[in-house]
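Working notes, beginning with the structure itself.
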Amino acid sequence: MGSLSSNVSITRYKVEGRVEEPVIETIYNGLTQNAIVTTNDDISEKTVGWTSLDTPFDPNFEGSSFLIGTHLVFSLRVDKKTIPPKIVKKHCAIEAAKRLAESGREYLSRTEKKMIREHVMSVLILRIPSAPNIYDLTWDYEDSSLWFFSNLKSANEELETLFSRSFNLTLIRLFPYTMAGLTAGLSDKERDILARLSPTNFAE
Amino acid sequence: MLDVSVSYNRYRFLGNEFLTWLWFVIEKDQGKITRPEQEMVSLEIGNRIVLENDRKDAVESITIKGDDAGLEEGILALRKGAVVTELNLFYKVGDQAWHFTIKGESLNMASLKVPDTGGIESRKDLEGAVIEKAYLYNEAIRLVDNLFKEFIRGKVSDDWNSKIVPLVRQWIYS
């Protein structure tokens, strides 16, 4: 459980919008409808979905188990199949040699090479197991804030997309400008000044 | 509000200036690091600081790391026009300690270590650990939020150019 490990990274978000009432039921539906599904004959390179904090390989959101205190706690799971380029190269070379031998030609066209590569990838993708990556999140519904326990750009992008699809809410990433504009309590006049700010040279 | 990706790039200097200002605050104005509870608190530079100078054609990066590393090279870099882009911090409240790194452009927290919590053996332990960890993470987040508020309020005020920047320059050249 990444969020409970001794060393964590946190990306912070503001949740824009409100969840439809009844809140817990709406969130439960969003989680179960977008929970990760894995099958042994999965042909996709990447599968993304929600899972539960304590049983990440067997998603279970029953009994409001994702509600802890005032926090909604669950995880994003990204299962990815990564085929080492050298394996792909090897199988493409074997397949190309086989085709050349069968046809008696000396060269293969660019289209044929592309088709061989696609065939090799489709065969290998079935044989290679996917590696799961689990990223926890803590959502304070009352405060409309969310902590995502990863700074990885790709993981954050997956989160933003899946969250929007699951709950019909927008996540606004908090970085200096959005923090200044949304959470620092600036007045309208100060926000106008913020938009016109330029860098300071401390070494003048 | 501007588009998120546009504002991220256009105003990335804000986070770097915040970290540069924060180093100044740590060295010269610890009074800003207060808590309403009036407990003994301290904030120190941890074991890593990264500075960048893009005032010339090429970007120059300076990294200082090590538990007892001298920061003179960093001050020298500031004098040449660099800003802090990454800062490792050591925060202490009473006998509890937090270590974490903040990146200027995103203000993301990395390598966050909080005071020890109990082990997890049951679902009840898990719930307790989640609540306890959330409280401890929030302490570090609240610190950064309060300091950033202080910084940004200064930055959008007339005091920035007339009072705050001169004080930072005075520290850099002292």
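The values are calculated or read from the model by the stated rules, or taken from the named source; none is laboratory data. Please read all numbers here as calculations on a predicted model, not as lab measurements. FYI the Cβ positions are ideal-geometry reconstructions off the backbone, even for glycines, and counts take in every protein chain you see. These accessible areas exclude ligands, DNA and RNA; they are computed on the full protein's heavy atoms, side chains included. Shrake-Rupley method; radii C 1.70, N 1.55, O 1.52, S 1.80 Å.
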If one computes the Cα centroid of region B:31-98 and of region A:99-155, what distance in Å separates the two points? 39 Å
Any idea what the alpha-carbon Rg over 2.2 N^0.38 Å comes to for chain A? 1.42
Estimated FRET transfer efficiency when R0 is 30 angstrom, pair A:ILE87-A:PHE57 (beta carbons, to 0.05): 0.70
Which entries in the list A:LYS189/B:LYS113; A:LYS153/B:LYS133; B:LYS32/B:LYS103 go over 27 Å, if you measure between the two C-alpha atoms of each? A:LYS189/B:LYS113
Relative contact order as a percentage, chain B, C-alpha pairs under 8 Å and 6+ apart, gives 22 percent
Mind checking how much accessible area A and B bury in total, 1.4 Å probe, in Å² rounded to 100? 4300 Å²
On a 0 to 90° scale, report how tilted helix B:123-155 is relative to the longest principal axis of chain B, with both axes built from alpha carbons and the result rounded to the nearest 10. 20 degrees
Quantify how strongly other chains surround peptide A:179-188 by giving the mean number of their Cβ atoms within 10 Å of each of its Cβ atoms. 5
Per DSSP H run of n ≥ 4, the term is -39500 (n - 2.57); total these for chain B, divide by its residue number, and report the mean residue ellipticity at 222 nm rounded to 500 deg cm²/dmol. -13500 deg cm²/dmol
Under 17 Å Cα to Cα from A:LYS90, which lysines show up? Leave out anything in the same chain fewer than 8 places away. A:LYS98, A:LYS113, A:LYS114
Taking Cα atoms, how many degrees apart are the long axis of helix A:110-127 and the longest axis of chain A, rounded to 10 and kept between 0 and 90? 70 degrees
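Quick one: plug the Kirkwood hydrodynamic radius of region B:13-173 (C-alpha pairs) into Stokes-Einstein at 4 °C, 1.567 mPa s, and report D in µm²/s.
76 µm²/s
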Relative to the compact-globule estimate 2.2 N^0.38 Å (N residues), the Cα gyration radius of the protein assembly as shown stands at a ratio of 1.19
Distance in nm between B:ARG123 and B:ASN47 label points, each 7 Å along Cα→Cβ, equals 4.0 nm
Which distance in nm do the two modelled labels at A:ARG127 and A:ARG99 give, with both placed 7 Å along the Cα-to-Cβ direction? 1.8 nm
Can you give the angle from 0 to 90° between the axis of helix B:12-28 and the longest principal axis of chain B, with both taken from C-alpha atoms, to the nearest 10? 80 degrees
Under a 1.4 Å probe, what is the accessible area of region B:84-128 per residue, stated in Å²? 45 Å²
What does the extension gain come out to for B:MET40 and B:SER162, with contour length at 0.36 nm per residue minus their alpha carbon separation? 40.8 nm
Accessible surface, 1.4 Å probe, highest first, among residues B:LEU76, A:LEU152, A:LEU31: A:LEU152, B:LEU76, A:LEU31
Divide by every residue of chain A the summed helix terms, -39500 (n - 2.57) for each DSSP H run of at least 4, and state the resulting mean residue ellipticity at 222 nm, rounded to the nearest 500 deg cm²/dmol. -11500 deg cm²/dmol
